[in-house]
Amino acid sequence: MIFLKIVLRYPVSLNVVRRLTSGDVVHYIGKIVVMDKEVVDVIERYEKSEGIKLYDLTGEIAVVGRFDKNKFLFQEVIEEVLEKLFLMGVSGVILNERTNFPVAKRFSRVIFEPLEELKGSRKVVYKTPDGKKLEELEVEGLTLRVIQDSSGKIYTKV
(Lines give C-alpha, C1' and ligand atoms only; values in the text may rest on other atoms or scores of the structure.)
Protein backbone atom coordinates (compact mmCIF):
# COMPACT_ATOMS: atom_id res chain seq x y z
CA MET A 1 0.00 0.00 0.00
CA ILE A 2 1.34 3.44 -0.93
CA PHE A 3 0.65 6.41 1.31
CA LEU A 4 1.05 9.91 -0.05
CA LYS A 5 3.07 12.69 1.51
CA ILE A 6 1.00 15.81 1.05
CA VAL A 7 1.60 19.45 1.85
CA LEU A 8 -1.55 20.91 3.37
CA ARG A 9 -1.82 24.68 3.79
CA TYR A 10 -4.15 26.83 5.85
CA PRO A 11 -7.07 27.36 5.34
CA VAL A 12 -8.11 23.75 4.80
CA SER A 13 -11.14 23.19 2.59
CA LEU A 14 -13.51 20.29 3.08
CA ASN A 15 -12.89 19.25 -0.54
CA VAL A 16 -9.20 18.73 0.23
CA VAL A 17 -9.92 16.98 3.54
CA ARG A 18 -12.32 14.58 1.85
CA ARG A 19 -9.62 13.51 -0.63
CA LEU A 20 -7.24 12.45 2.15
CA THR A 21 -7.11 8.73 2.83
CA SER A 22 -6.31 6.79 5.94
CA GLY A 23 -2.53 6.53 6.34
CA ASP A 24 -1.65 9.63 4.31
CA VAL A 25 1.18 11.67 5.83
CA VAL A 26 0.55 15.41 5.71
CA HIS A 27 2.97 18.27 6.22
CA TYR A 28 0.75 21.04 7.55
CA ILE A 29 1.63 24.70 7.25
CA GLY A 30 -0.58 27.25 8.97
CA LYS A 31 -2.80 27.71 11.96
CA ILE A 32 -4.07 25.10 14.40
CA VAL A 33 -6.74 26.04 16.93
CA VAL A 34 -5.79 24.75 20.37
CA MET A 35 -8.47 24.64 23.05
CA ASP A 36 -9.33 23.14 26.36
CA LYS A 37 -12.37 20.86 26.01
CA GLU A 38 -14.42 23.13 28.29
CA VAL A 39 -13.87 25.98 25.83
CA VAL A 40 -15.78 23.97 23.21
CA ASP A 41 -18.87 24.21 25.45
CA VAL A 42 -18.26 27.93 26.09
CA ILE A 43 -18.15 28.63 22.34
CA GLU A 44 -21.33 26.62 21.78
CA ARG A 45 -23.24 28.31 24.63
CA TYR A 46 -22.12 31.78 23.55
CA GLU A 47 -23.38 31.28 20.00
CA LYS A 48 -26.72 29.94 21.25
CA SER A 49 -27.25 32.78 23.71
CA GLU A 50 -25.84 35.71 21.70
CA GLY A 51 -26.58 34.58 18.15
CA ILE A 52 -23.03 35.28 16.97
CA LYS A 53 -19.87 33.21 17.00
CA LEU A 54 -17.34 33.82 19.75
CA TYR A 55 -14.73 32.30 17.43
CA ASP A 56 -15.31 31.05 13.88
CA LEU A 57 -14.00 27.48 13.58
CA THR A 58 -15.01 27.03 9.94
CA GLY A 59 -12.26 25.24 8.02
CA GLU A 60 -9.95 24.95 11.02
CA ILE A 61 -7.73 22.11 12.16
CA ALA A 62 -8.28 21.80 15.90
CA VAL A 63 -6.64 20.02 18.79
CA VAL A 64 -8.14 19.59 22.25
CA GLY A 65 -5.74 20.11 25.11
CA ARG A 66 -3.52 22.76 26.61
CA PHE A 67 0.04 23.90 26.89
CA ASP A 68 1.85 23.57 30.19
CA LYS A 69 5.25 25.28 30.18
CA ASN A 70 5.45 24.99 26.36
CA LYS A 71 4.69 21.25 26.45
CA PHE A 72 1.39 20.25 24.84
CA LEU A 73 -0.89 18.01 26.89
CA PHE A 74 -3.68 16.24 25.02
CA GLN A 75 -7.06 15.90 26.70
CA GLU A 76 -9.30 12.89 26.31
CA VAL A 77 -11.91 13.53 23.64
CA ILE A 78 -15.31 11.91 23.52
CA GLU A 79 -17.62 11.63 20.51
CA GLU A 80 -19.84 14.48 21.78
CA VAL A 81 -16.94 16.96 21.74
CA LEU A 82 -15.98 15.95 18.20
CA GLU A 83 -19.58 16.33 17.08
CA LYS A 84 -19.71 19.87 18.50
CA LEU A 85 -16.44 20.78 16.77
CA PHE A 86 -17.63 19.40 13.43
CA LEU A 87 -20.97 21.21 13.77
CA MET A 88 -18.98 24.43 14.33
CA GLY A 89 -17.17 23.83 11.02
CA VAL A 90 -13.86 22.22 12.04
CA SER A 91 -12.35 20.33 9.07
CA GLY A 92 -10.09 18.02 11.05
CA VAL A 93 -9.00 17.20 14.57
CA ILE A 94 -5.59 16.12 15.87
CA LEU A 95 -5.77 13.38 18.51
CA ASN A 96 -3.18 11.24 20.26
CA GLU A 97 -5.41 8.18 20.44
CA ARG A 98 -6.58 5.73 17.82
CA THR A 99 -10.26 5.30 18.42
CA ASN A 100 -12.98 4.79 15.87
CA PHE A 101 -15.20 7.88 15.90
CA PRO A 102 -18.30 7.32 13.71
CA VAL A 103 -19.01 11.07 13.91
CA ALA A 104 -16.00 11.75 11.65
CA LYS A 105 -17.58 9.64 8.91
CA ARG A 106 -21.02 11.17 9.49
CA PHE A 107 -19.62 14.69 8.95
CA SER A 108 -17.00 13.60 6.34
CA ARG A 109 -14.14 14.95 8.44
CA VAL A 110 -10.68 13.54 9.21
CA ILE A 111 -8.77 12.72 12.34
CA PHE A 112 -5.01 13.16 12.43
CA GLU A 113 -2.30 11.97 14.78
CA PRO A 114 0.85 14.04 15.23
CA LEU A 115 4.10 12.40 14.17
CA GLU A 116 6.09 15.04 16.03
CA GLU A 117 5.68 17.39 18.97
CA LEU A 118 3.14 20.20 18.61
CA LYS A 119 5.07 23.46 18.74
CA GLY A 120 5.13 26.82 17.05
CA SER A 121 4.30 30.42 17.82
CA ARG A 122 1.21 30.80 20.01
CA LYS A 123 -1.34 33.56 20.45
CA VAL A 124 -4.06 33.48 23.11
CA VAL A 125 -7.37 34.45 21.51
CA TYR A 126 -9.79 33.76 24.34
CA LYS A 127 -9.46 32.96 28.04
CA THR A 128 -12.24 31.93 30.41
CA PRO A 129 -12.40 33.42 33.93
CA ASP A 130 -11.02 30.14 35.31
CA GLY A 131 -8.02 30.16 32.96
CA LYS A 132 -9.13 27.82 30.14
CA LYS A 133 -7.76 29.03 26.81
CA LEU A 134 -8.34 29.05 23.09
CA GLU A 135 -5.04 29.63 21.31
CA GLU A 136 -3.87 29.86 17.73
CA LEU A 137 -0.71 27.87 17.05
CA GLU A 138 1.24 28.73 13.87
CA VAL A 139 3.18 25.73 12.56
CA GLU A 140 5.59 25.25 9.67
CA GLY A 141 5.54 21.77 8.21
CA LEU A 142 4.01 19.88 11.16
CA THR A 143 3.92 16.20 10.21
CA LEU A 144 0.55 14.54 10.74
CA ARG A 145 -0.89 11.17 9.72
CA VAL A 146 -4.52 10.64 8.77
CA ILE A 147 -5.69 7.97 11.23
CA GLN A 148 -9.34 8.13 10.21
CA ASP A 149 -10.40 9.46 6.84
CA SER A 150 -13.72 11.03 5.90
CA SER A 151 -15.13 7.67 4.80
CA GLY A 152 -14.48 6.31 8.30
CA LYS A 153 -11.55 4.08 7.32
CA ILE A 154 -9.07 3.64 10.19
CA TYR A 155 -5.30 3.53 9.64
CA THR A 156 -3.63 0.36 10.81
CA LYS A 157 0.13 -0.06 10.71
CA VAL A 158 1.27 -2.28 7.88
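The values are calculated or read from the model by the stated rules, or taken from the named source; none is laboratory data. The structure displayed is predicted, hence computed values, not measured ones. Note that each Cβ is placed from the backbone with ideal geometry, even for glycine, and that neighbours are counted across all protein chains shown. Quick note on the areas: whole protein, heavy atoms, side chains included, nothing else; ligands and nucleic acids left out. Shrake-Rupley method; radii C 1.70, N 1.55, O 1.52, S 1.80 Å.
For a straight C-alpha distance cut-off of 16 angstrom, the lysines reachable from Lys37 (same-chain residues fewer than eight places away being disregarded) are Lys84, Lys127, Lys132, Lys133. Bridging of Lys123 to aspartates and glutamates at a Cα separation below 14 Å is possible for Glu135, Glu136, Glu138, once same-chain residues fewer than 8 apart are set aside. Each stretch of four or more DSSP H residues adds -39500 (n - 2.57); spread over every residue of the chain, this sum gives -6000 deg cm²/dmol at 222 nm. Residues whose amide H comes within less than 5 Å of that of Tyr126, counting only those at least five positions distant or on another chain, are Leu134 (H built at 1.01 Å from N in the peptide plane).
Plainly put, region 1-71 has a radius of gyration that is 1.06 times its Kirkwood radius, both from alpha-carbon atoms, as the Rg/Rh ratio.
Excluding ligands, DNA and RNA, the accessible surface per residue across region 80-152 is 45 Å² with a 1.4 Å probe.
Classify the chain: rounded, prolate or oblate, from the alpha-carbon gyration tensor (a ≥ b ≥ c, eigenvalue square roots; a/c under 1.5 rounded; otherwise prolate if a/b is larger than b/c)?
In terms of gyration-tensor shape, prolate.
Here the accessible area is traced with a 1.4 Å probe on the protein chains. For the chain, carbon and sulfur cover 50 percent of it.
Once the other residues with Cβ under 13 Å from the Cβ of Glu83 are scored (Lys, Arg +1; Asp, Glu -1), what is the net sum?
Counting the neighbours of Glu83, the net charge comes to +1.
Summarising the strand pairing of the chain, around 65 percent of its internal DSSP beta bridges are antiparallel. Summarising the amide proton neighbourhood of Leu8: residues at separation of 5 or more, or on other chains, whose placed amide H is nearer than 5 Å comprise His27, Tyr28, Ile29.
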